[in-house]
Amino acid sequence: MLDIVGWVLGIVGFIWGTIVIHEYGHLLVGRLVGLPRGAARVVIGARPPHVALRTPDGWIGPDDHRYVHAFTRYRDSAVAGWLFAAGGLLIETLAVLAGGALLTLAGLPSVAAAWLAVSTLLILLYLAADFASCRRANAPAGDYAALWELSAVATTLFVAGILASRMTGFIGLLLRGLTEY
């Protein structure tokens, strides 16, 4: 029973940690592409968690129709906008792969595989939710839709690369586990 509770708590921790890393990834990449300090902040307690941008009227989230305009006030570049939107997924993936490698080196490959699997499932669920929201609203709604609107080709290649890197890591862990037994 204690093992099951530990795994459930671990999965909840992986989900929470992945979300936090994802949102701070947006913020980090935003800073790297020119968002000034104090122009953006991470809001974890909201649904969904997001990076809010400062406007003259206060803080707004990506569900506000003024969000893109608020970003372009700070950095008027489609490339910067694309990188800002992609930053969450990029930094999250780098962290999950690095964390998985460290967990594996620490002798915990099953924990690494669980984190890879859970975080990749989150990506797939977010993709589906983003698609459904876009269809319902008939407008972009979410990171993937924003990326797609800026560059369908770059987004397709990016998402395929992210999923391929995660699947490669997961398959590597499975193969490692098979050869150890």
Candidates ALA152, ALA112 - the one that is under 13 Å from TRP82 (Cβ atoms) and either out of contact with any Pro (no Cβ under 6 Å at 6 or more places or on another chain) or open to solvent by 50 Å² or more (accessible area, probe 1.4 Å) (or both): ALA152
Report yes if some residue within region 136-144 is at pLDDT 85 or above and open to solvent by less than 50 Å² (accessible area, probe 1.4 Å); otherwise report no. yes
Conditions (1) under 18 Å from the mean Cα position of the chain (by Cα); (2) more than 21 Å from ARG166 (Cα to Cα): number failed by TYR74: (1)
Within region 95-109, can one find any residue that is polar (S, T, N, Q), open to solvent by less than 30 Å² (accessible area, probe 1.4 Å), part of a helix (DSSP H, G or I) and under 18 Å from LEU32 (Cα atoms)? no
Considering only region 138-145, I want to know if a residue exists there that is over 27 Å from PHE170 (Cβ atoms) and out of contact with any Asp or Glu (no Cβ under 7 Å at 6 or more places or on another chain). yes
Residue among ALA80, ALA40, ALA85 that alone is surrounded by 15 or more Cβ atoms within 10 Å (Cβ to Cβ), in contact with an Asp or Glu (Cβ under 6 Å, 6 or more places away or on another chain) and closer than 18 Å to LEU147 by Cβ: ALA85
Does GLY38 count as out of contact with any Gly (no Cβ under 9 Å at 6 or more places or on another chain), in a loop (DSSP other than H, G, I, E, B) and among the small types (Gly, Ala, Ser)? yes
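One line per residue, one yes/no per condition, for (1) among the small types (Gly, Ala, Ser); (2) over 20 Å from HIS22 (Cβ atoms); (3) modelled with pLDDT under 90:
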position	(1), (2), (3)
ALA146	yes, no, yes
VAL159	no, no, no
ILE162	no, no, no
SER165	yes, no, no
Filter region 143-168 down to residues that are in contact (Cβ under 8 Å) with a residue 24 or more places away in the chain and of a type in the set (Gly, Ala, Ser) and give me whichever is nearest to ALA128 (Cα to Cα). ALA146
Residues of region 1-37 being surrounded by 12 or more Cβ atoms within 10 Å (Cβ to Cβ), more than 13 Å from the chain's Cα centre (by Cα), modelled with pLDDT of 85 or more and among the β-branched types (Val, Ile, Thr), in sequence order, are VAL33
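The values are calculated or read from the model by the stated rules, or taken from the named source; none is laboratory data. The shown structure was predicted, so the numbers you read here are calculated from the model rather than taken from an experiment. We place every Cβ from the backbone using ideal geometry, glycine too, and count neighbours over all the protein chains shown. Please note that ligands, DNA and RNA were not included when accessible areas were found on the heavy atoms of the full protein model with its side chains. Shrake-Rupley method; radii C 1.70, N 1.55, O 1.52, S 1.80 Å.
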